[in-house]
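Structure first, commentary second.
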Amino acid sequence: MGVTEWVLLAVGVLAVLGWWLWVQASRVDRLHRTVLRSRATLEAQLFRRATAATELAASGVLDPAESVIVTDVALRATDATSDVLVPDGLEGPTDSLDEGGGADGVTTSRAAPGVAGRVRTTPDRGLLESELSRTLRAVLGTGAERAELAEDPHAADVLSQLQQAWYRLQVARRFHNAHVEQVRKARSRWAVRTFRLAGRAPLPDPFDMDDALPRE
């Protein structure tokens, strides 16, 4: 083979390699976007469950003390939907840097340079949602106790909405964490690491919480 043939061969190999790397980078990018979409779905299901819990507390089927407790936790979970669900940075930069965890599942964040003296507290969403799960399981009791509550037609409707929202939350979290695992697996491959095909995108984290349904 002459020089021209070797040059053409090298150009062809480089073109194929470049195309293959582009395909891999596009795949990683699609996986990142899938994680963000599934995270938005999970956020929506968390909000629906908190809303259903608030409606349960306001329905009158619980005793007053239980209603107050459920309302408090559910409203805190609802208010927290304005905060980042998973603080892995995948959803874009924030104006604060985490300084560490505080009491009651609250993370203290200091503002970015130039915004002196401003400190922001962000609740740990996993701990807060887990607290709501435990609170609901405690007040709803066993299947027999829930059946007794459901004798009231209005209560039956509220309990059904809560059950559906809770189940959909479980499914949404399972899908989100499965997508996160796919991204992590893809980014662990040598080509993605060697050629930095993920760019500067942070590695996504799963969302951990206690989402077990009430016992039967």
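Brief remarks on what is shown
- Under a Gaussian network description of the chain, with springs only between Cα atoms under 10 Å, the residue in ALA138, ALA15, ALA191 that fluctuates furthest is ALA15.
- Stokes-Einstein D for the stretch 25-65, Kirkwood Rh over Cα pairs, 4 °C, 1.567 mPa s (µm²/s): 103
- Only one residue of GLY89, TRP6, ILE69 has its Cα farthest out toward the positive end of the dipole of the stretch 1-95, where Lys and Arg carry +1 and Asp and Glu -1 on Cβ, and that residue is TRP6.
- Comparing VAL16, VAL86, VAL180 in a Gaussian network model of the chain where C-alpha atoms under 10 Å apart are linked, the largest mean-square fluctuation is found at VAL16.
- About the Cα centre, charge dipole magnitude for the chain (Lys/Arg +1, Asp/Glu -1 at Cβ), debye: 1440
- Simple spin-label estimate for LEU203 and ILE69 in nanometres, 7 Å along Cα-Cβ: 4.0
- Contour excess over end-to-end distance, with Cα ends at ARG76 and ALA15 and 0.36 nm allotted per residue: 16.5 nm
- Put a dot 7 Å past the Cα of TRP22, heading toward its Cβ, do the same for ALA191, and the two dots end up 1.4 nm apart.
- Percent accessible area from carbon and sulfur atoms, the stretch 131-177, protein chains only, probe 1.4 Å: 51
- Radius of gyration and Dmax over the Cα atoms of the chain, both given in Å: 23.9, 90
- Across every direction, the projection of the convex hull enclosing the Cα atoms of the stretch 41-94 has a mean area of 4.0 nm².
- Surface per residue (accessible, 1.4 Å probe) for the stretch 12-85, Å²: 52
- Pairwise FRET efficiency - ARG33 versus ALA138, Cβ, R0 = 22 Å, nearest 0.05: 0.05
- D (Stokes-Einstein, µm²/s), Kirkwood Cα radius, the stretch 1-98, 1.306 mPa s at 10 °C: 87
- Highest-fluctuation residue, THR41, THR142, THR194 considered, GNM on the chain with Cα pairs under 10 Å: THR194
- Label zone at GLU181, where the point sits 7 Å out along the Cα-to-Cβ direction: the stretch 197-214 residues whose backbone N lies under 13 Å: 206-207
- Euclidean distance of C-alpha centroids, the stretch 1-62 and the stretch 137-216, integer Å: 19
The values are calculated or read from the model by the stated rules, or taken from the named source; none is laboratory data. Just so it is clear, the model here is predicted, and its values are computed rather than measured. Because the Cβ atoms are built from the backbone with ideal geometry, glycine has one as well, and the counts that use them run over all protein chains shown. All accessible areas refer to the heavy atoms of the entire protein, side chains included, with ligands and DNA or RNA removed. Shrake-Rupley method; radii C 1.70, N 1.55, O 1.52, S 1.80 Å.
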